[in-house]
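Peer 1: Handing you a structure now.
Taken together, the values in this text are just the output of simple stated rules run on the coordinates, not laboratory data. All values reported here derive from a predicted model rather than from experimental measurement. Cβ coordinates were reconstructed from backbone atoms using ideal geometry, including for glycine residues, and neighbour counts include every protein chain displayed.
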Amino acid sequence: MSAILDIQSITKTFFGVPAVKEVSLRVAAGQIVGLIGQNGAGKSTLMNLIGGVVQADSGAMLFQGRPYAPRNPAEAYRAGIAFIHQELNLFTNLSIAENIFIDAFPARRLGPLRLVDRADVSRQTKALLAQVGLDLSPSLTIDRISPGERQLVEIARALHMDASLIILDEPTTSLTARETEKLFAIMRQLQAQGKALIYISHILNDVLALADSIAILRDGRLVTQEPASAFDVSRMIALMVGRSIDSLYPPRTAAPAATPLLEVQGLSAKGIVENIQFTLRQGEVLGLFGLMGSGRTELARMLFGMDSFEQGSIVIKGQRLTRHSPRESIRRHIAFVTENRREEGLLMNINIADNIALVALPEFARTTLQVLDQGRMMSAARSAAGVLQLKSGDITQQPARSLSGGNQQKVVIARWLLAEPSIFIMDEPTRGIDVGAKYEIYSIIDALAAQGSAILFISSELEELTGMCDRILVMSRGEIYGEFARSNFHAENILRAAFREEGVKPA
C-alpha cells in the first residue's frame with residue numbers, strides 16, 4: 001500500500017536537546033496508525049513538524065507523493081492535513097458554524113459587495129454535524145457544548161476542509177465512555193472513506209483496538225512500526241520504556257494513621273455540592289470517583305479556596321478554616337494539583353525553575369528587605385526536578401510550554417513538593433500521561449503518604465484508584481453517594497454507586 005505521508009530521517013532539536021532524531025514513518029490512505037511513547041518521547045514534536053507548527057532541522061517529508069515542508073499550520077491545512085489537538089483549538093465565544101468556516105465563509109454578491117451567505121453556512125454546517133452524529137444548532141456557541149461535542153465539531157471542521165490526513169492527539173482525555181465510543185465509530189467511518197489517521201493515545205488497549213499499525217517512539221527515536229497484530233499491551237509498554245513493568249502500581253509502603261488532617265463537615269453550594277462530609281487522615285490516600293459532572297472538581301476547588309460554598313466547614317488539623325482563599329490554604333500547607341495544568345497549573349512562557357519555585361517564594365526571601373536568595377532557590381528547584389526525573393534542558397532557560405504533558409505535570413508536582421504541604425488535593429494528576437510517568441507519579445504519591453502527608457486523589461480512572469487508594473468515596477450529582485474500604489473495592493459496585501443504581505446504599 002502506497003504511503004500518503006512518508007517521513008524520511010527527520011530531526012528536530014530544542015534548547016540543545018534533540019526532541020526527534022532521524023525518525024522515518026509511513027502512513028497509508030485508509031489506514032489508522034497508532035503512535036505511542038512516553039511523555040517526552042517526541043510524539044508532539046513529530047506531529048508539530050507534520051502540522052507546520054515547527055520546521056525540521058534535517059530530513060524530508062513527502063505528502064501525496066510530493067515534497068512537503070509546511071512553514072506554518074495554514075500551509076498544512078491547505079495541503080489537506082487536519083490536526084485535532086488535546087487542547088482543542090476552538091473559539092469558545094463563537095458559534096459552531098463560525099468555528100467551522102472561520103478561514104473562509106461562503107459569500108454571495110450584492111452589487112459590488114460580497115456578503116456572508118448565512119443560509120448556506122447554516123445548511124452546510126447542519127450537513128457536516130449530521131456526518132459526525134451531532135444534532136445541534138449551527139448558531140450555538142462552543143462554550144455551551146460538552147467536551148465530547150467540541151471534539152466532534154473539530155472533526156466536522158476537518159470534514160469541511162476535506163482533509164486527507166487527520167491527526168488526533170489524545171482525543172479521549174475529556175470524554176465520557178459513550179462519547180469515546182462515538183468518536184471511535186466516526187474514526188472507522190473516516191477510515192472506510194479512504195482517510196488516513198494518526199491516533200496518539202496513552203490508553204494502549206484503545207490503540208490496539210483501533211490501529212492497523214503501531215509506531216513506537218522512545219527518547220526521540222522510532223523504535224519500531226509494525227502491524228497492530230504484532231503487539232500486546234506488555235510488549236507495547238516494554239518498547240515504550242525500554243524495560244518491562246511487572247506491575248502498573250507500586251506496592252503501598254505504609255498504612256494510614258488515625259490522626260485526621262482534613263475534616264469536611266456539611267459542605268454545600270446550591271446546585272453544585274450538597275452536604276459533603278468526610279475525613280482525610282494522616283498517611284492516607286483517599287480516592288474520589290464519579291462520572292463527569294458529578295461535582296468532583298468543583299469540590300476540590302472549594303476545598304482549596306478557589307470557589308466559595310454556602311454552608312458547612314473545613315477543619316485543618318483540628319482548626320476550623322475561617323479565611324477561605326488559596327493563599328490561606330497554602331499557608332495551612334495544602335497543595336492543589338489542578339486537572340487543567342496548562343491554564344491553571346503553569347505559567348507557560350516562564351522558565352521551569354521559576355515555575356517550580358513559585359509557591360515557595362517566601363521561603364527564599366527570609367531577609368528584612370525580602371530579597372530572593374536566587375542561588376538557594378535555583379538549587380532547591382533543581383533538586384525537586386531531579387527527584388521527579390524531569391526530562392528537560394537547562395531549567396533556568398527552558399520555558400514550561402516546551403515540555404511534554406507528563407513533564408509539565410511533574411513541574412506542577414515539583415512546585416508543591418518544594419512547599420512541603422501536609423495535604424495534597426490531586427485532581428486527575430495522571431491525565432494524558434504515559435504508563436512510565438504514571439508509575440513515577442504513583443510512586444511519589446505512595447512516598448508522600450509514607451512520610452505522613454494525606455492525599456485526596458481525584459480520578460476518572462477507577463483502575464488507578466483501586467490500585468492506589470486506602471478508601472474510595474463516590475460522588476454522584478453533587479453528593480457523596482458511596483464509600484468503599486480497600487477490602488471492599490469492587491469495580492461493579494463502585495460504578496453502580498456512581499450511577500446511583502438501586503440497591504446501592506448512600507454513604
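Peer 1: May I ask for the distance between the Cα centers of the range 463-496 and the range 1-67, given as a whole number of Å?
Peer 2: 42
Peer 1: Using the Cα centre as the reference, give the magnitude of the dipole from point charges on the C-beta atoms of the range 349-419 (Lys, Arg: +1; Asp, Glu: -1; all else neutral), rounded to the nearest 20 debye. Can you show the working numbers first?
Peer 2: Values: 7 positive and 4 negative charges, 32 e Å.
Approximately 160 debye in magnitude.
Peer 1: Ranked highest first by the average count of other Cβ atoms within 10 Å around their residues, in what order do 474-487, 266-279 fall?
Peer 2: Values: 474-487: 18.9, 266-279: 16.4.
With the highest mean Cβ count within 10 Å placed first, the list reads 474-487, 266-279.
Peer 1: Express in whole angstrom the spacing between the alpha-carbon centres of the range 295-340 and the range 279-293.
Peer 2: The distance from the Cα centre of the range 295-340 to that of the range 279-293 comes to 14 Å.
Peer 1: I would also like to ask the following. Going by how many other Cβ atoms sit within 10 Å of their own, how do S58, S460 line up, fewest first?
Peer 2: Values: S58 11, S460 20.
So the ranking, lowest neighbour count to highest, is S58, S460.
Peer 1: If you add up the charges near E181, with Lys and Arg at +1 and Asp and Glu at -1, over every other residue whose beta carbon is less than 15 angstrom from its beta carbon, what do you get? Before the final figure, lay out the partial values.
Peer 2: Working: positive: R178, K182, R188; negative: E149, E179, D206.
Once positives and negatives cancel, what remains is 0.
Peer 1: Going by how many other beta carbons lie within 10 Å of each one, how would you line up F424, F499, fewest first? Walk me through the numbers before you get to the answer.
Peer 2: Details: F424 25, F499 12.
If I rank by nearby Cβ atoms, fewest first, I get F499, F424.
Peer 1: Per residue and in Å³, how big is the convex hull formed by the alpha-carbon atoms of the chain? Walk me through the numbers before you get to the answer.
Peer 2: Working: hull volume 94.0 nm³, N = 507.
Convex hull volume per residue, Cα atoms: 185 Å³.
Peer 1: With θ set to phi - 60° and the Karplus curve 6.51 cos²θ - 1.76 cosθ + 1.60, what are the ³J(HN,Hα) couplings of the range 454-467 in order, to the nearest whole Hz, using x for Gly and Pro?
Peer 2: Running phi through 6.51 cos²θ - 1.76 cosθ + 1.60 with θ = phi - 60° gives 10, 10, 9, 10, 9, 7, 8, 9, 4, 4, 6, 5, 5, x Hz.
Peer 1: Projecting each Cα onto the charge dipole of the range 349-419 (Lys/Arg +1, Asp/Glu -1 at the beta carbon, about the Cα centre), which of A414, A381, L358 comes out farthest on the positive side?
Peer 2: So the residue furthest toward the plus end is A414.
Peer 1: Along the charge dipole of the chain, Cβ charges K/R +1 and D/E -1, which of A192, I330, T430 sits furthest on the positive end?
Peer 2: Positive-most Cα among the choices belongs to I330.
Peer 1: In terms of Cα to Cα distance under 30 Å, which lysines are near enough to K12, apart from those fewer than 8 places away along the same chain?
Peer 2: Excluding near neighbours in sequence, the set is K21, K43, K195, K391, K410, K438.
Peer 1: Where Lys and Arg each count +1 and Asp and Glu each count -1, what net charge lies around G266 among other residues with Cβ under 13 Å from its Cβ? If you can, show how the numbers build up before the last one.
Peer 2: On the way: positive: R320; negative: E263, E274, E310, E479.
Here the charged neighbours net out to -3.
Peer 1: To check you understand DSSP bridge types, tell me what percent of the beta bridges within the chain (both residues inside) are antiparallel, rounded to 5.
Peer 2: Values: 46 of 82 bridges.
If I count the DSSP bridges inside the chain, around 55 percent turn out antiparallel.
Peer 1: Another question, then. About its Cα centre, what dipole magnitude does the range 292-381 give when the only charges are +1 on Lys and Arg Cβ and -1 on Asp and Glu Cβ, stated in debye to the nearest 20? Don't jump to the answer; show the numbers that get you there.
Peer 2: Numbers: 12 positive and 10 negative charges, 70 e Å.
Dipole magnitude for the range 292-381 comes out near 340 debye.
Peer 1: For the chain, with the dipole built from +1 on Lys and Arg beta-carbon atoms and -1 on Asp and Glu ones, taken about the Cα centre, which of L303, L136, S58 lies farthest toward the positive end?
Peer 2: Of L303, L136, S58, it is S58.
Peer 1: Here's a follow-up. Ratio of Rg to Rh for the range 349-419, alpha carbon only, Kirkwood? List each step's numbers first, then the result.
Peer 2: On the way: Rg = 11.8 Å, Rh = 12.0 Å.
Expressed as Rg/Rh, it is 0.98.
Peer 1: Here is a further query. Got a sec? How would T253, T141 order by Cβ neighbour count within 10 Å, fewest to most?
Peer 2: T253, T141
Peer 1: Then there's this: For a test of the definition: using alpha carbon positions, the gyration tensor, and the 1.5 limit on a/c, classify the range 214-356 as rounded, prolate or oblate. Walk me through the numbers before you get to the answer.
Peer 2: On the way: a/c = 2.28, a/b = 1.96, b/c = 1.16.
Here the range 214-356 falls in the prolate category.
Peer 1: How much net charge surrounds L152 when only the other residues with a Cβ under 15 Å from the Cβ of L152 are counted, with Lys and Arg +1 and Asp and Glu -1?
Peer 2: Working: positive: K126, R144, R150, R157, R178, K182, R188; negative: D135, E149, E154, E179, E181.
Local charge sum for L152: +2.
Peer 1: While we're here: Can you tell me how much longer the chain between A485 and S122 gets when fully stretched, taken as 0.36 nm per residue apart minus their C-alpha distance, in nm with one decimal?
Peer 2: Taking A485 through S122 to full extension adds about 125.4 nm, to one decimal.
Peer 1: For the pair M348 and E420, how long in nm is the line joining their label points, each one 7 Å along Cα→Cβ?
Peer 2: In this crude spin-label approximation the distance works out to 3.4 nm.
Peer 1: Next question, about the same structure. Treating the beta-carbon of each Lys and Arg as +1 and of each Asp and Glu as -1, no other charges, what is the dipole magnitude of the chain about its Cα centre, to the nearest 20 debye?
Peer 2: Numbers: 52 positive and 53 negative charges, 153 e Å.
I would put it at about 740 debye.
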